[in-house]
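Peer 1: Below you'll find the structure I mean.
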Amino acid sequence: MKLSRREIIAACGLAAGAAGLSGTVGKIVRECASSDKAEGDKISGLAPEPEFVVDKETGDVSLNPGQQVSYTVCMGCTTLCGVRVRADKATGKILRVAGNPYNPLSAARPLAMETSVKKSFAALSRFQDMGLDGRATACGRGNAIMEYMDSPLRVLKPLKRSGPRNSGRWQEISFEQLIKELTTGGNLFNEGHVQGLAELRDLQTPLDENAPEFGPKVNQVGVLSSVNEGREALAVRFWNQAYGTQNFARHGAYCGGSYRSGSGALFGDLRRMPHGKPDISNAEFVIFIGTAPGNAGNPFKRTGNLVAGARSEGELEYVVVDPVLTNADNRACNDRSRWVPIRPGTDGALIMGMIRWMLENNRVNIAYLSCPNQDVAKRSGEPSFTSASWLVITADGHARCGRYLRGSDIGIGIPDDKRYSGADPYMALDANGQLVIAAAAVNPAQILPLQMPVQYIPQGEDKQPVDIADMKLKTALQLLHEAAFRHSLDEYSDACGIPKDIITGLARKFTDHGRKASAVAHGGMMSGNGFYNAYGVVTLNALIGNVNWKGGFVMNGGPFKDVGNGPQYNLTSFEGQVKPRGMPIGRNVAFERTSEFKRTKAEGKPYPARDAWFPNAPALSTEWLPAMLRGYPYSLKALILWICNPLYGVPGLSALVKQDLADPKKIPLIVSVDTMINESNAFADYIVPDSLMYECWGWIEPWNGVPTKTMSARWPVIEPKMAKTPEGRPISMETFVIALAKAMDLPGFGPKGLTDAQGNHVSLECPEDWYFRGGANIAFMGQKPIGDATEEDLHYSGVHRMREALESKLKPDEWRKVAFLYTRGGRFQPADQAQDQSMPDWQTNRFNRVLWIWNENVGSSLNSLSGARFWGCAQWLPPGFADGSAMRKHYPEKEWPMLLVSFKSPLHNACSIATSLGVLRPDNPMLLHPRDAAEYGLSIGDIMKVITPGGTVQGKVIVHSGVMRGVVGIEHGYGHKELGVRQHVINGIARPCRLDLPAGININDIGLTDPSRGNQAVWVDGIAGSAVRNGLPAKIARA
Amino acid sequence: MKKTDPGAMLTCSSRRTFIRELSVLTFALATAPLPALGAPSTISSAKNTWAMLVDIRRCIGCQACTISCFQENAMPEGCFRTLVAAYSIRLSEQPGMQPAGTYLLPRLCNHCDKPACVSVCPTGATFKREDGIVVVNNRRCVGCAYCIQACPYDARFINPATNTTDKCTFCVHRIQAGLLPACVETCVGGARIFGDANDQNSQLRQKLRQYQGQIRVLQPQMNTTPNVYYIGLDERFQGKVEGMPALWSPQRSEGASHTGMKGA
């Protein structure tokens, strides 16, 4: 029987009428907590007493003894901002959350770390108006998300399913039982034997005798996580280094993976995928393509704050190119902000149109692009350099087609084992038309040569000229030029739906501001050609040479590192450490390295592979579930889901896998570590509770957008709510893996789990062992360690709660320094050090490697389905499927006239719906252009049916001109089926559920599978392997 | 029925009869300068006169103010004393012109010098303090809602938990503690500036001077003399905003006047 909201409320002894509106969790908890229903103050009602009082004359701070204010880190979205949490000491209830004034993710003018905690409170107050400029904020979501702390929907005790998978029936079990069953296995569900994690940890036996490249059997245990929210290093230490599996993947492939991959191509690292951000405070013009500053994105608040300031009182003008109008536009700023609508998945057409115009009109920075190496660049006053002048082999039949020419290709002596390594030089063409070693050149090189020499003439009398004509060498910029000139501006304009004069106007404006212009993208790139679109956006920056310039395209400042072989402790390597080996299950390696390829090649038909491979992609959480369920490349025996929700987040995945996922024969063991039951871990066999936000540990590096070094500290500022281990510690990811390690006697954990800098063993038996020592590394990093926390700091910040633990775990000279980090919520380089002191127009933290106009790893790879070579630089390619066929070939416009686009909510993330934000924005009517609405006879409020090849949904429609014609805009974060929507029964007792939560629709429920892969996998970008949720073909009708 | 700006109601609502955060409007924004205010017109003889200046150019519509106020004041579900109304405006159908734009308007009690709510209160529950803050004594309020009808800013509503009138207090409990109102503390764009209008050196006064000629208030024709000032306030948003409510309750659009998205 379903328990209705009315009953939940009645169970708290309240009149149903009092909650007759909509009773969210927040309300239920609040009203349950205050049984006498006090009226409160006659003017201020139930508002609690302020957390402290600041004297208006002296600025002196008096704490409210009943409350605690602590600096820690939010987990309301992936920005992970530093926040100040105000808690009621007696109840542990969080009263409100705002920003940490030391933290650059939350404060426009962060406080110096030397400022005492007490003074930091005065700096937030009305005293001398300090709190206005010194404002430190939390966003709407950051304010609302605290409601989850008290949510009755949290998982607080270990759960084991007591019915079939995904039946919603659970039994609470003890931590000891959990650890025993998971490690030893057995007939756990009366469905037959299940192998435990100890048995599955086979580091020797190949998991597939016919494919030794897949590695040992331990790789059949895989871990899906979401983001590195500050605790990942410990999870990686356990799963990769101690347990030994190769398979650990984050959610990036279904988040903003296309942009990261496109950026990784320019920045030359397709695994770690470096990326830059506009220096908004100092920029004059920025084009945001598929990312909406201040509406969403990472870092959300910092970007929003900087854009708000720069467009109103600074120099910034910006354009947002997006199929959907968002809060990134602000008409009160008149033309400082502009919105240009575009057809989804056609950004490449806009960009290549701009690049074509820039090349035709001498608007690329020729002098900059001609620098073949860093030294020449520096001498020309450039803080970065590109491969624009480097020569690429383009002859079709050549074994190295698509690769850069290397010295060894033309007889420059390189030892065989160093061939094509970093020691094998890249080549360029000097002003005299001679081939020269790019790194050794002392002068600018040619980038658009009129003629390519036919011979390389080595220096030295006895050397013979080498014939190079048959390699068909071209510079990287020539290849980009070719790509840009494949289409006319009219064709580009037709493709993207942006008038030609807007394309050229954007290009002109973009090149009118020297280095104080930039272009950036993000999640809007998740289309069936996202890699090339994104590569194009970042290439725009390279063409004007703005990288590392103040006001240009700048790099993150990076962390003060906790892990690594730090100054105080070695948190990286340990005795008995496993080096995971074998191919990852997401097939992000070259097909040509597989045994399958050897067989198919021997049979004379090397392509197609059985399914797509992604040699230029990072770990692919998009591919994981279909791969393991089909057993290609191999199956998994155990899947660990750590705070992730691929079934909600990956377009097309749920419909494709949910039946198989419910079948224990396909994946015998699914274990989740999470705070809630979501659409994915509803399929788990066990759920292990995890800590939530302000009860949680972590050292957090900003994802990007902070040019100074930053490391935020998260610590349990209140007593965690989870059940305890037998040792009395709260159950969480950390205590879970520590217990697993102990049960299986794994290295790198236990009484001698860690070593200090002197090589002495110290314990790793509880979270404090790990995080405090990471803190010691952070505190002692750099030329001079940070200062000591005073007694006053400890008292004012609430860190005195941990004093005993700090003193007992750390050395006498360490503990006050680590405490100092916790009192300030992290370690932060002063904000005025963003620019280089000796070169004030350059950033301090610069990208120092080459920017790849042509990426040779991409340009030399072959499509594993068609055998065709990928193009290695930015280009306009219409959205397509994995074999390279155009989407419109399969789903013609005539039949599927509309395109769907997902856009980020300014309020919601994927799981914030169950907070008071849900009241503000309870569902997500689909956006439709007035002309489309007229064509289909739809008006505001009508119910519209949306049909894609992947499924059908229906929902309300809203009609206005803030969306591109031919497009249906769908805001993300709605259409939930779990998180409190479905009734779960635990120990035979029905848990609360929320009838209002499933409101709206989730675009991912109607995502596509890939017809060129037999519809056995979801639609992903053919290079980046990233999910496709923008530009889904659809038809619509009145429901 | 009172004609209501669909984006402007500060209220308690169920999900069924809901504040509409986004409304569709169909005109171009005026850019020509309009007669505008300078500094506060009346300086009270009291020690402080609390006031707020909202720089709309800096608002990003994140609703941090809305939720922080909700949390700070321990409001019942769905009750908001401040919110950011977001409007989507149709601008131009010309090819190459921006077709639509976003206009954001943070709203709250205007703490008027001549508050329309005070004179209609039959019990004296609603009154204006010496420091300019208009408050409601919830022990005296009988919930008659006259003030709700009288307020031209839709800033008042009945709190279902107390059955008395509720509204923004400028977080008077925090001001007295030397702190800032919750919405100001956490304004991500730095749009909300709070301070003492009597203090010539306050940032509030400095900004009012700096932007003299560009400062506007809502509903100037009502002669309520508000203490909430705006930079970037378009004249079309000074009065009732006439638009088509767009989200969440389209069936309730009868109350608002249509300016015609239909058939556009």
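A short reminder: the numbers here are calculations on the coordinates, not readings from a lab. Please read all numbers here as calculations on a predicted model, not as lab measurements. Backbone-built Cβ (ideal geometry, glycine too); neighbour counts: all protein chains shown.
Peer 1: Rg and Dmax in Å for region A:221-319, alpha carbons only: what are they?
Peer 2: 17.5, 54
Peer 1: Please determine, in degrees from 0 to 90 and to the nearest 10, the orientation of helix A:733-744 with respect to the longest principal axis defined by the Cα atoms of chain A, where the helix direction is its Cα long axis.
Peer 2: It works out to around 90 degrees.
Peer 1: Multiplying the sequence separation of residue A:491 and residue A:271 by 0.36 nm and subtracting their Cα-Cα distance, what value in nm do you get? Don't jump to the answer; show the numbers that get you there.
Peer 2: Details: separation 220, 0.36 × 220 = 79.20 nm, distance 3.38 nm.
In short, 75.8 nm is gained.
Peer 1: If r is the Cβ-Cβ distance from residue A:91 to residue B:46 and R0 is 41 Å, what FRET efficiency results, to the nearest 0.05?
Peer 2: Numbers: r = 38 Å, r/R0 = 0.92.
So, using R0 = 41 Å, E works out to roughly 0.60.
Peer 1: With only Lys, Arg, Asp and Glu charged, each at its Cβ (+1 for the first two, -1 for the last two), find how big the charge dipole of the protein assembly as shown is about the Cα centre; round to the nearest 20 debye.
Peer 2: Numbers: 141 positive and 122 negative charges, 448 e Å.
With Lys and Arg at +1 and Asp and Glu at -1, about 2160 debye.
Peer 1: Separation between the residue A:952 and residue A:869 pseudo-spin-labels, each 7 Å from Cα along Cα→Cβ, expressed in nm?
Peer 2: Label at residue A:952, label at residue A:869, 4.7 nm between them.
Peer 1: Cross-link candidates for residue B:207: which aspartates and glutamates have Cα within less than 17 Å, leaving aside residues fewer than 8 places away along the same chain?
Peer 2: A:129, A:133, A:313, B:55, B:196, B:199
Peer 1: Next question. Short version: what are the Cα gyration tensor semi-axes of region A:932-987, square root of 5 times each eigenvalue, largest first, in whole Å?
Peer 2: Numbers: eigenvalues 184, 29, 24 Å².
Equivalent ellipsoid of region A:932-987: 30, 12, 11 Å, largest first.
Peer 1: Same structure again: For region A:86-116 and region A:290-341, what is the centre-to-centre distance using only Cα atoms, to the nearest Å?
Peer 2: The distance from the Cα centre of region A:86-116 to that of region A:290-341 comes to 27 Å.
Peer 1: State which entries of A:721/A:811; A:93/B:167; A:89/A:157 exceed 27 angstrom in Cα-Cα distance in the structure shown.
Peer 2: Working: A:721/A:811 30 Å; A:93/B:167 25 Å; A:89/A:157 24 Å.
Pairs exceeding 27 Å: A:721/A:811.
Peer 1: Looking at A:1032, A:866, A:318, which one has the Cα that reaches farthest to the positive end of the dipole of chain A (charges on Cβ: Lys, Arg +1; Asp, Glu -1)?
Peer 2: Checking the options against the dipole of chain A, the answer is A:1032.
Peer 1: I would also like to ask the following. Could you state, as a whole-number percent, how many of the C-alpha pairs of region B:100-139 are farther apart than 13 Å?
Peer 2: Values: 457 of 780 pairs.
In whole percent, the share of Cα-Cα pairs in region B:100-139 beyond 13 Å is 59.
Peer 1: Among the aspartates and glutamates, select those whose C-alpha is under 12 Å from the C-alpha of residue A:724, and discard any that sit fewer than 8 residues away in the same chain.
Peer 2: A:176, A:690
Peer 1: Output the pairs from A:301/A:550; B:47/B:128; A:56/B:47; A:889/A:1035; A:784/A:809 with a Cα-Cα distance over 18 Å in this structure; if there are none, say none. Don't skip to the answer; put the middle values down first.
Peer 2: On the way: A:301/A:550 21 Å; B:47/B:128 14 Å; A:56/B:47 13 Å; A:889/A:1035 16 Å; A:784/A:809 22 Å.
Over 18 Å Cα-Cα: A:301/A:550; A:784/A:809.
Peer 1: Can you give me the angle between helix A:767-780 and the longest principal axis of chain A, using Cα atoms only, in degrees from 0 to 90, rounded to the nearest 10?
Peer 2: So the inclination is approximately 50 degrees.
Peer 1: Do the sum for chain A: with -39,500 (n - 2.57) for every DSSP H run of n ≥ 4, divided by all residues, what is the mean residue ellipticity at 222 nm, to the nearest 500 deg cm²/dmol? Please report the intermediate quantities before stating the final value.
Peer 2: Numbers: 30 runs with 242 residues, N = 1039.
Calculated mean residue ellipticity at 222 nm is -6500 deg cm²/dmol.
Peer 1: Of A:905, A:761, A:458, which is farthest on the positive side of the dipole of chain A, counting Cα position, with +1 on Lys and Arg Cβ, -1 on Asp and Glu Cβ, and the Cα centre as origin?
Peer 2: Positive-most Cα among the choices belongs to A:905.
Peer 1: Helix A:815-824 against the longest principal axis of chain A: what's the angle in degrees, Cα atoms only, rounded to the nearest 10?
Peer 2: Helix A:815-824 sits roughly 90 degrees off the main axis of chain A.
Peer 1: In 5 Å bins starting at 0, how do the alpha-carbon pair distances of region A:881-1038 split up by percent?
Peer 2: Per 5 Å bin, starting at 0, the Cα pair percentages come out as 2, 9, 16, 19, 17, 15, 11, 7, 3, 1, 0.
Peer 1: While we're here: Aspartates and glutamates within cross-link reach of residue A:118: Cα-Cα under 14 Å, excluding same-chain residues under 8 positions apart?
Peer 2: A:51, A:55, A:60, A:791, A:792, A:793
Peer 1: Any chance you could get the radius of gyration and Dmax over the Cα atoms of region A:72-157, in Å?
Peer 2: 14.1, 49
Peer 1: Here is a further query. Starting from the alpha-carbon convex hull of region A:640-780, give the projected area averaged over all orientations, in nm². Don't jump to the answer; show the numbers that get you there.
Peer 2: Working: hull surface 46.1 nm².
Its average projected convex-hull area is 11.5 nm².
Peer 1: Another one. Which values, in whole Å and largest first, are the semi-axes of the equivalent ellipsoid of region A:367-480 obtained as the square root of 5 times each eigenvalue of the Cα gyration tensor?
Peer 2: Working: eigenvalues 92, 51, 42 Å².
Listed largest to smallest, the semi-axes of region A:367-480 are 21, 16, 14 Å.
Peer 1: Now, a different point. Using the alpha carbon gyration tensor of the protein assembly as shown, what are the three equivalent-ellipsoid semi-axes (square root of 5 times each eigenvalue), largest first, in whole Å?
Peer 2: Details: eigenvalues 463, 279, 201 Å².
Taking √(5λ) for each Cα gyration eigenvalue gives 48, 37, 32 Å.
Peer 1: Where the centroid of each part is defined by its Cα atoms, how far is region A:942-984 from region A:449-496 in Å?
Peer 2: One Cα centre to the other: 48 Å.
Peer 1: OK, next. Under 10 Å from the Cβ of residue A:836, count the other residues' Cβ atoms, weight Lys and Arg +1, Asp and Glu -1, and hand me the total. Don't skip to the end; give the middle numbers.
Peer 2: Values: positive: A:550, A:846; negative: A:841.
Value of the local net charge: +1.
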